[in-house]
Structure formats: C-alpha cells, structure tokens
1. When VAL89 is evaluated against the numbered criteria (1) out of contact with any Cys (no Cβ under 8 Å at 6 or more places or on another chain); (2) closer than 24 Å to THR223 by Cα; (3) β-branched (Val, Ile, Thr), which criterion, by number, is the only one it fails?
2. Enumerate the helices (runs of 4 or more DSSP H) found wholly within region 100-184, keeping only those where 2 or more residues are over 24 Å from SER196 (Cα atoms) and not charged (D, E, K, R).
3. For region 199-241, which positions are in contact with a Phe, Trp or Tyr (Cβ under 8 Å, 6 or more places away or on another chain) and basic (Lys, Arg)?
4. State whether one or more residues within region 314-327 are within 28 Å of GLU134 (Cα to Cα), loosely packed, with under 15 Cβ neighbours inside 10 Å and of a type in the set (D, E, K, R).
5. Given the criterion assigned by TED's automatic domain parsing to the domain that holds TYR161 and either charged (D, E, K, R) or in contact with a helix residue (DSSP H, G or I) (Cβ under 8 Å, 6 or more places away or on another chain) (or both), identify the matching residue among GLU90, GLU29.
6. How many residues, within region 29-55, are over 15 Å from ASP251 (Cβ atoms) and touching a Ser or Thr at 6+ places or on another chain (Cβ under 8 Å)?
7. Can you say whether ASN101 is of a type outside the set (A, V, I, L, M) and assigned by TED's automatic domain parsing to the domain that holds ALA48, as far as the supplied structure shows?
8. Only one of ALA28, ALA48 is modelled with pLDDT of 90 or more, surrounded by 13 or more Cβ atoms within 10 Å (Cβ to Cβ) and of a type in the set (A, V, I, L, M). Can you tell me which?
Amino acid sequence: MQWSLYLLILMGQCCFFTCCLYEYHFIAENKSWYEAQRYCREKYTDLAKVFDMTDMSRLRNSTQNQGEAWIGLNNTGGNRTWHWSLPGVEYIHNDSSWNLNGRTEPGPGNCVRKRDKLVDVSCDRTMWFICYDEMKKDSKTLYLITTFMNWTQAQNYCRSYYTDLASGLDQVDGEEMKTLFIGRTMSVWMGLFRDSWRWLDGSDFSFRYWDMELFNDEQSNKTCAMTLLNRSGKWSSDECDKEKPFFCYDDKLILIKENKTWEEALDYCRESHRGLVSITNPYQQRWAEVRAKNASSPFVWLGLRYACTLNLWFWVNDKLVCYEKWSSEGKTEDCGRAVGMMRGGPYEWVSQRDNKKYNFVCFK
C-alpha cells in the first residue's frame, strides 16, 4: 500500500515536470546581427535558436517588446539542405522514395509533393496535402486535406489544426499513407522543404516560422533572420548591419568529454554542476542530441537508472520515465543498469552496465 501511494505521487509528476534545458533572454540594446552574436557568446551561449512552436511561445513570453529582434539564423548562401517540417525528424536520403527518372515537372523546386514518388516542385503551387497528428485520434495519425493551398499555407494549416505536415519516410512511405492513396490519383504536399538558412551553432533544427507576406528568400542582401513580435513572432529577414534588439539563449547542458562510470559521472555532475541530465520530452531529447554528437565515446551517460527494489526506471531526480527513446533491443531491465544515449543518429537509448566508461551530459 505504501509503495502504491508513492508510485501514484511520482506518476503525477510526469505531467508537471518540465525542467528547461535552455533559457531565452531579451536584450533591449540595438546592435547589428554580428554585434548581437558577439554579445550573446560573451554573456550567454549564443543568439537564440528555436526548435518548435513551444520555443516560439517561450521566446515571445520572455519580453513585452513588440518590435523586431534578431535571432540566430542566417542565410549562408551555400547549398540548400533538405529538412522535414516536423521538428526533430532527421532527413535521410533514400533514392527509392524519389522520382529520379522521367520527370515532367519544371523543377527543381524547394518543396516536395508526393504522387507515387516524391518530386521537388515550386512552393507556390497549390494542391491537397496530408497532415500528421501526434495525438493519434481514432488510431489515425495522417489526415488528407482536400483543400488547395500552397506549401506554406498547408504547413500553417497542419500546425494549427493537427501537429504538422506529414514528415519522415516512416510516415511518407508507410502503410497508413498507402491507404490514403487507394482509389485516388492525386498529388499532395509532404512536409519536406530545402533552404540555405542555418543556425549559428550548426544545429540542424528544421523549424521555420516565416511571415510569407513580408519574407522574400530571393532578397540576397537580407541574410539575417529576425522575429516580428507584433506579428505573432513570425520571422522575416533584414540586412545584417541594421541595428535591432535581439534574443540570446543560455544552454543549461554541458558535454563532459571524459570517460567515467555512471556512478563517477553522477558524482562529477553533482559536485561541479546540478546533476546528470534528465529528459522528459522530445524537445529536451533533441537538445541533448546536439551535445551527444560531439562525444568521443560511442554512448553518453544520461541520468536514468534501473531501481531493482521497484522494478522501474527512474531519473536521478526521482522522476518516473514520462518519455522514452529506447533502441529496438536496448531496454534490459536488470540491477546495475543505467542508460547511455548513442552519440549519433538515431540517438536512441541503450541499457548499459553502469561500470562501463563513457562521456556524459550534465545539467548546469
């Protein structure tokens, strides 16, 4: 009875524990984009980067200012890179998904439609589209919208009423997608686009929030991004030497590139910082992945351990596991086990003997 009550109390914490691994800071000083970059790197971590709409809400709520402000995105002028619209889904090229022969489109374009295969076309074309809903209402995740919209309009619609445009090959080539095409010959938008915009720290966050009434990607002299706080925080671009206020972010994670056992890593983080990192949602996972990719060991320790007395996984801050990213055969429930996250994609979790020695991620 006592243990049951204890578990119920802990389970209730899953919904409310939202420890932020990064913080936004609005700087009400007018500086050029490059001056703002230097300021943020001296005082915090860097000019702000944004993972999704949750980040955008946090960014906007960190100030009462209603003007323009720089963020840490700029147009490198280099090769355009493919991104999925849904945050956190990594683009991995697969020739079999694309129409590589006999193209009739006047491409190449920067947005992607699907008929039987994927084809890049102009984002200004209008067509039906398919939205993804992570809530899985009625056991469905994909919804065909039979309204003609251009790609950006379709993306905004899906983000308003569902989660996002269909993204990732698991969705685009999966059985549920094939079912939507049964008895139909149609071209529909997918959540795939390409651009030459990059975040300052090199992270591949795919989220974009352009105000298409004001933003023109062809304006080669406007290569630095800003958020328009009086237009719901949507983004546009301007010449980098213009002076504006700006947003910095302060990263609360640090990768320790020393190989230690899990217990040694735990002690180090508690003595030098606040503890081994705990991950309770996919957004925190994505930020931890940015750190893990620079590790010198095949895995990095997280603050997740197996409690033999309760036969449960617990974070070191005594939170239950609300979010998981186990590899297909990576979950071994046994005494003396802790979790290492892969240092490269897909950054999945694997149960490891806690006496192995790896790099680790601390929460500052």
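1. (2)
2. Values: elements: 151-161, 169-172, 175-181.
By residue number, 151-161, 175-181.
3. Of everything in region 199-241, those that are in contact with a Phe, Trp or Tyr (Cβ under 8 Å, 6 or more places away or on another chain) and basic (Lys, Arg) turn out to be ARG208, LYS234.
4. yes
5. Values: GLU29 fails: assigned by TED's automatic domain parsing to the domain that holds TYR161.
Among GLU90, GLU29, only GLU90 is assigned by TED's automatic domain parsing to the domain that holds TYR161 and either charged (D, E, K, R) or in contact with a helix residue (DSSP H, G or I) (Cβ under 8 Å, 6 or more places away or on another chain) (or both).
6. Of the residues in region 29-55, 0 are over 15 Å from ASP251 (Cβ atoms) and touching a Ser or Thr at 6+ places or on another chain (Cβ under 8 Å).
7. Values: of a type outside the set (A, V, I, L, M): yes; assigned by TED's automatic domain parsing to the domain that holds ALA48: no.
Answer is no for this residue.
8. On the way: ALA28 fails: surrounded by 13 or more Cβ atoms within 10 Å (Cβ to Cβ).
Matching residue, one of ALA28, ALA48: ALA48.
The values are calculated or read from the model by the stated rules, or taken from the named source; none is laboratory data. Being a predicted model, the structure only gives us computed values, none of them experimental. No Cβ is skipped: glycine too gets one built from the backbone with ideal geometry, and neighbour counts run over all protein chains shown.
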